[in-house]
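To start, the structure itself, in structure tokens.
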Amino acid sequence: MTEVRLAECAGFCFGVRRAVDTVYEQLGTGKTIYTYGPIVHNGEVVRELEERGVRVIQNREELLGMSPGASREEAVIIRAHGVPREICEILESKGFACVDATCPFVKKIHRIVERESRAGRHIVIVGDPRHPEVEGIRGWCDGPATVVENAEEARNFALSEGCELCIVSQTTFNYNKFQDIVEIFQKKGYNNNIVNTICNATEERQRSARAIAAEADVMIVIGGKHSSNTRKLYEICSRECANTYFIQTLDDLRLELPKAVRLVGITAGASTPNKLIEEVQNYVRIKL
């Protein structure tokens, strides 16, 4: 008999749930609600909020072009990934009611890089330079900052020997890759202050996904195509299970099961709602 098993840690993390709940709370105030960027990296969640009237400000230029807040009856919610300090200053100058739904783990990184850069340390952010969380972290640095995405970039990094660095990580970065990059920096002779800022939820989600994928004949990873943590889960599961599917919704699932399937594993990114996970679970059980 085929087993369908959901990873122990899957779906909404604390920071995402907090951000989404914040939007729904603000909808109850009767104000016109905006989010700066999609509140989370999941198209289904964003579409559902747009149907409730929530509008998305896509970038700094769009924000600068907006009229000042009308008697603070227009609220802008800061996305879970956080934003650069400059965006907060623009919102304040325009008179919008600003509600900060930045994940507390991301907010902690903002405080670290702000403090360490003011102390004269060069900030190294391990992560994807195109990701809004990393853009936000960089925007809280008061001095030089470098984003390092992989081991090659770490090996090519060069400052004068003896320079003081503070190394932090995008919260959703692959833990093993972060450790590899840190080891490279440790061999370079810099005075390093290393802060592992990968959140516990990310580490736990990656560990539980890897454990199931190692046993599974088929693995399904559910999440938004722009979700960094979901892409990392797909990478991890693909290395353990050749039949790994990455889907955003049930419509994307074209399941081709091997002849003898003992275990179908399912995991989901931190921005994936429970109802979507349940839909996939039910479909797979019917398919079997």
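Is the range 87-102 home to any residue that is surrounded by 15 or more Cβ atoms within 10 Å (Cβ to Cβ), over 24 Å from T202 (Cα atoms) and without any contact (Cβ under 8 Å) to a residue 24 or more places away in the chain?
So far as the range 87-102 goes, yes, one or more of its residues are surrounded by 15 or more Cβ atoms within 10 Å (Cβ to Cβ), over 24 Å from T202 (Cα atoms) and without any contact (Cβ under 8 Å) to a residue 24 or more places away in the chain.
So that you can scan it fast, the table gives a plain yes or no per residue for (1) surrounded by fewer than 15 Cβ atoms within 10 Å (Cβ to Cβ); (2) outside any loop (DSSP other than H, G, I, E, B):
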site	(1), (2)
E135	no, yes
C141	no, no
T146	no, yes
G162	yes, no
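Exactly one of (1) touching a residue at least 24 places away in the same chain (Cβ under 8 Å); (2) out of contact with any helix residue (DSSP H, G or I) (no Cβ under 7 Å at 6 or more places or on another chain) is unmet by L233. Its number?
(2)
Any residue at all in the range 179-189 that is modelled with pLDDT of 95 or more, part of a loop (DSSP other than H, G, I, E, B) and either over 25 Å from the mean Cα position of the chain (by Cα) or within 13 Å of V126 (Cα to Cα) (or both)?
Scanning the range 179-189, I find no residue that is modelled with pLDDT of 95 or more, part of a loop (DSSP other than H, G, I, E, B) and either over 25 Å from the mean Cα position of the chain (by Cα) or within 13 Å of V126 (Cα to Cα) (or both), so the answer is no.
For residues in the range 242-272 being assigned to a loop (DSSP other than H, G, I, E, B) and in contact with a Gly (Cβ under 7 Å, 6 or more places away or on another chain), which is nearest to F14 (Cα to Cα)?
S271
State which residue is surrounded by the most Cβ atoms within 10 Å (Cβ to Cβ) when the search covers only the range 15-31 and only residues that are in contact (Cβ under 8 Å) with a residue 40 or more places away in the chain and of a type in the set (S, T, Y).
Among those that are in contact (Cβ under 8 Å) with a residue 40 or more places away in the chain and of a type in the set (S, T, Y), it is T22.
Could you look through the range 6-26, keep only residues that are out of contact with any helix residue (DSSP H, G or I) (no Cβ under 8 Å at 6 or more places or on another chain) and among the aliphatic types (A, V, I, L, M), and pick out the one that is farthest from I266 (Cα to Cα)?
Checking each candidate, the answer is A19.
The values are calculated or read from the model by the stated rules, or taken from the named source; none is laboratory data. Source: prediction; values computed, not measured. All Cβ positions, even for glycine, are placed from backbone atoms using ideal geometry, and neighbour counts span all protein chains on display.
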